[in-house]
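Reviewing the structure listed below.
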Amino acid sequence: MNQKLDLEKYKKQLIEEQERIMLEHQAMGANASEEGYELSDYDQHPADAATDTFMRTTDFAIDENYKGILEQIEEALRKIEQGTYGKCDRCGKDIRPERLRAIPYATLCIDCQESLERR
C-alpha cells in the first residue's frame, strides 16, 4: 500500500463527495419530475416530441453518470477497508497522491489512464 497516504483523510473526502453527489442527483431528479414531459404525442408538434425525447435521453445519461461515480466511490471505500486503496488496477503501482487528491476514486495511475485514453 502507498505508505504516504492518509487513508482517513481520503475516506472522509470520499464520503463527503458521495454525499454531495447524492444530493445533486436527488435535486436533479426533483427538477426533472417538476418539468414533466408529455407522455402523449397527441396534438403535439413533432418538434415538441423531439425535445421531450432529447430531454429524457439527457436525463437518463446524467443519471447513469451519477450512478457510475457513486459506484466508483463505493469501490474506493472498499479498497480502503481492504488495504488496496491507492494502487493502480492495471499495473499495480502506487497512484500518486496528487492524482488521488484531484480524483479520490481514481483506480488507475496517470500513465495507465493516459494509455487507456489514447486507444
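Remarks
- The set of residues from segment 83-119 being closer than 19 Å to Glu8 by Cβ, surrounded by 14 or more Cβ atoms within 10 Å (Cβ to Cβ) and either under 17 Å from the mean Cα position of the chain (by Cα) or hydrophobic (A, V, I, L, M, F, W, C) (or both) comprises Ile95, Arg99, Leu100, Ile103, Pro104, Tyr105, Ala106.
- Hits in segment 6-20 (condition: more than 14 Å from Ile103 (Cβ to Cβ) and either in contact (Cβ under 8 Å) with a residue 24 or more places away in the chain or among the small types (Gly, Ala, Ser) (or both)): Leu7, Lys11, Ile15
- Taken over segment 65-102, residues that are assigned to a loop (DSSP other than H, G, I, E, B), under 23 Å from Met22 (Cβ atoms) and at pLDDT below 95 amount to 0.
- Selection from segment 73-119 of residues that are among the basic types (Lys, Arg) and either closer than 17 Å to Leu7 by Cβ or touching a residue at least 60 places away in the same chain (Cβ under 8 Å) (or both): Arg78, Lys79, Lys87, Arg96, Arg99, Arg101
- The lone exception for Ser40 - which of (1) at pLDDT below 95; (2) within 13 Å of the chain's Cα centre (by Cα); (3) surrounded by fewer than 14 Cβ atoms within 10 Å (Cβ to Cβ) it fails: (2)
- Flag for Ala50 being surrounded by fewer than 17 Cβ atoms within 10 Å (Cβ to Cβ), under 18 Å from the mean Cα position of the chain (by Cα) and farther than 18 Å from Glu19 by Cβ: no
The values are calculated or read from the model by the stated rules, or taken from the named source; none is laboratory data. This structure is a prediction, so every number in the text was calculated from the model and none was measured. Virtual Cβ from ideal backbone geometry, glycine too; neighbours counted across all protein chains shown.
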